[in-house]
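The values are calculated or read from the model by the stated rules, or taken from the named source; none is laboratory data. Bear in mind that the values here come from a model prediction, so they are computed numbers and not experimental data. For neighbour counting, all protein chains shown are included, and Cβ atoms are generated from backbone atoms with ideal geometry for every residue, glycine included.
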Amino acid sequence: MSGVVGEYFEALRTQDWARLATCLAADVHRVGPYRDVVDGKQAYVDFLARVIPTLKGYDLKVARVRFFDARSAVAEISEFADVRGVRTEFPEVILFALDTAGVIAGIDIYLKQAPPPRP
């Protein structure tokens, strides 16, 4: 995978925060899976640098990325972490908006959840 979205995921996977910052617009707007919002490049990089290292055994796998056009893409990924000693997968879909300079200006993250248990 190439381009800014590929760079973003590789930087996230390797926790290379300086590299990740180069993928983001100064005014990047990120909405997380719980409607949590982070605005601005430095705030978002700081947020990830604070959260990701706390996830024991963190890993990230990209299943696919599809560009709608030069300014928008969707990615299907899975993040993994050890939760109470159990390797756990967190499947997600992420929508990306790119600005005219070709860097990420918008990120919307959606968790894929299992259906509730049947009664």
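The set of residues in segment 27-64 being part of a strand (DSSP E or B) and over 18 Å from G3 (Cα atoms) consists of D27, H29, R30, V31, V37, V38, D39, D59.
In the set V38, V83, only one residue is at negative phi and modelled with pLDDT of 95 or more; that residue is V38. Within segment 95-106, can one find any residue that is part of a strand (DSSP E or B) and surrounded by fewer than 17 Cβ atoms within 10 Å (Cβ to Cβ)? Among the residues of segment 95-106, at least one is part of a strand (DSSP E or B) and surrounded by fewer than 17 Cβ atoms within 10 Å (Cβ to Cβ), which makes the answer yes.
Quick check on segment 94-108. Is at least one of its residues without any contact (Cβ under 8 Å) to a residue 12 or more places away in the chain and acidic (D, E)? Scanning segment 94-108 turns up no residue that is without any contact (Cβ under 8 Å) to a residue 12 or more places away in the chain and acidic (D, E). One residue alone among D46, D59 is among the charged types (D, E, K, R), under 30 Å from P115 (Cα atoms) and out of contact with any Leu (no Cβ under 9 Å at 6 or more places or on another chain), and that residue is D59.
Does segment 34-43 include one or more residues that are under 20 Å from V93 (Cα atoms), touching a residue at least 40 places away in the same chain (Cβ under 8 Å), surrounded by 15 or more Cβ atoms within 10 Å (Cβ to Cβ) and under 14 Å from the mean Cα position of the chain (by Cα)? The answer is no; no qualifying residue exists.
The single condition among (1) exposed (fewer than 13 other Cβ atoms within 10 Å of the Cβ); (2) modelled with pLDDT of 95 or more that Q113 does not meet is (2).
Within segment 16-33, the set of residues being surrounded by 14 or more Cβ atoms within 10 Å (Cβ to Cβ) and either closer than 22 Å to V83 by Cα or touching a residue at least 60 places away in the same chain (Cβ under 8 Å) (or both) comprises C23, L24, A25, V28, H29, R30, V31, G32, P33.
Here segment 60-93 is the region considered, the condition is being touching an Asp or Glu at 6+ places or on another chain (Cβ under 9 Å) and free of Cβ contacts under 8 Å to residues at least 12 places away in the same chain, and the residue that is surrounded by the fewest Cβ atoms within 10 Å (Cβ to Cβ) is R66.
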